[in-house]
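What follows is a single structure, written as structure tokens, with notes after it.
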Amino acid sequence: MPVGRRERQKLERENRILAAARRLFDRRGYLDTSMEDVARRAGLAVGTLYNYFSSKDQLLLAISRVDTEHLLRIGERILANPPDDPVEAIAALTEVMVQGITAGERRLWRELFVASIAAPDTLGARLFALDMRLIAQLTSMLDLLKARGSIDASVDTSRAAGLFYGICLTWTIAFATRDDLTIETMRAEIAESVRITIHGILPGSTAKKRVL
């Protein structure tokens with residue numbers, strides 16, 4: 001079999017496996033889904049599944065990695081030509097993170113948080129490493145804004161990026177745990193929180209001096 005064809009077959013199987021795992025984790029829950037269930041859903045033998053992924057943790061991590069890579073690619077396009085206004089620039093990146101969440105996968109996000117908390121030294125640490133890449137992208141945006149003079153030169157951009165990421169994470173957790181919370185509401189709350197953070201909550205000229 002030509003190398004190109006083998007690679008395409010491998011990629012196709014990986015995509016089938018991840019699609020099956022994503023659906024089962026969302027519908028049944030992470031704990032109630034077995035590797036056998038995933039293999040059956042993907043139309044593969046269990047042994048074949050283990051050739052690609054050694055555990056459910058690896059499946060969950062791979063799903064998160066695929067989603068993160070997708071968001072980073074979109075973010076890179078925004079970084080190539082960011083808005084001049086700092087609120088719009090940061091909001092553009094936080095909006096990308098919101099785009100990675102769908103109402104149909106609310107339980108999947110819930111399962112992801114639970115699994116990472118249950119295994120903080122393994123799965124949790126690896127998922128945090130993926131999150132750090134998103135924070136790094138926010139840091140790059142803030143560095144660009146600082147170079148333009150759009151934000152204060154004294155701002156620690158990595159810490160500020162963590163603050164904006166924390167806003168997104170807080171509302172993502174709220175979305176995962178509250179069935180009554182819509183994506184539209186979450187998007188609006190994140191955007192307003194970004195605006196408040198950048199403009200500050202101090203009155204008058206004091207706020208302007210302390211603004212990002």
Over the chain, give the accessible area per residue in Å² for a 1.4 Å probe, as an integer.
55 Å²
Which of the listed residues, 157, 190, 30, is farthest toward the dipole's positive end in the chain, when Lys, Arg count +1 and Asp, Glu count -1 at the beta-carbon?
30
Cβ-based charge dipole, the chain, positive-most Cα from 173, 52, 203
52
Could you order 101, 196 so the one with the most accessible surface comes first? Probe is 1.4 Å.
196, 101
Sort 23, 5, 159 by heavy-atom solvent-accessible area, probe 1.4 angstrom, most to least.
159, 5, 23
Percentage relative contact order, the chain, counting C-alpha pairs under 8 Å, at least six apart
20 percent
Given that just one value was derived from the coordinates, which of (i) 8, 35, 37, 17, 3, 0; (ii) 8, 33, 32, 19, 8, 1; (iii) 8, 29, 30, 20, 10, 3, 1, 0 is P(r) over Cα pairs in 10 Å bins from 0, in percent?
(iii)
Using θ = phi - 60° and Karplus 6.51 cos²θ - 1.76 cosθ + 1.60, couplings along segment 70-77 (whole Hz; Gly, Pro as x):
5, 5, 5, 5, 5, x, 4, 5
Per-residue HN-Hα couplings for segment 177-194 [Karplus 6.51, -1.76, 1.60; θ = phi - 60°; Hz; x = Gly/Pro]:
9, 10, 5, 7, 8, 8, 4, 4, 5, 4, 4, 5, 5, 5, 4, 5, 5, 5
Apply the Karplus curve 6.51 cos²θ - 1.76 cosθ + 1.60, θ = phi - 60°, to the phi angles in segment 119-131 and return the couplings in whole Hz, x for Gly and Pro.
10, x, 7, 10, 4, x, 5, 6, 5, 5, 4, 5, 4
In a Gaussian network model over the chain where Cα atoms closer than 10 Å are linked, find which of 44, 112, 93 has the largest mean-square fluctuation.
44
Quick check for me: using +1 on Lys/Arg Cβ and -1 on Asp/Glu Cβ, what's the dipole size of the chain about its Cα centre, in debye to the nearest 20?
520 debye
Kindly report, to the nearest 10 Å², the accessible surface of residue 132 as traced by a 1.4 Å probe over protein heavy atoms only.
80 Å²
Order by accessible surface, 1.4 Å probe, largest leading, for residues 28, 187 comes to 28, 187
Tell me the carbon and sulfur percent of the accessible area for the chain, rounded to whole percent, probe radius 1.4 Å.
54 percent
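The values are calculated or read from the model by the stated rules, or taken from the named source; none is laboratory data. Since the structure is predicted, the reported quantities are computational estimates derived from the model, not experimental observations. When we count neighbours, we look across all protein chains shown, and the Cβ atoms used for this are built from the backbone with ideal geometry, even at glycine. Note: accessible area is taken over every heavy atom of the protein model, side chains too, but ligands, DNA and RNA are not part of it. Shrake-Rupley method; radii C 1.70, N 1.55, O 1.52, S 1.80 Å.
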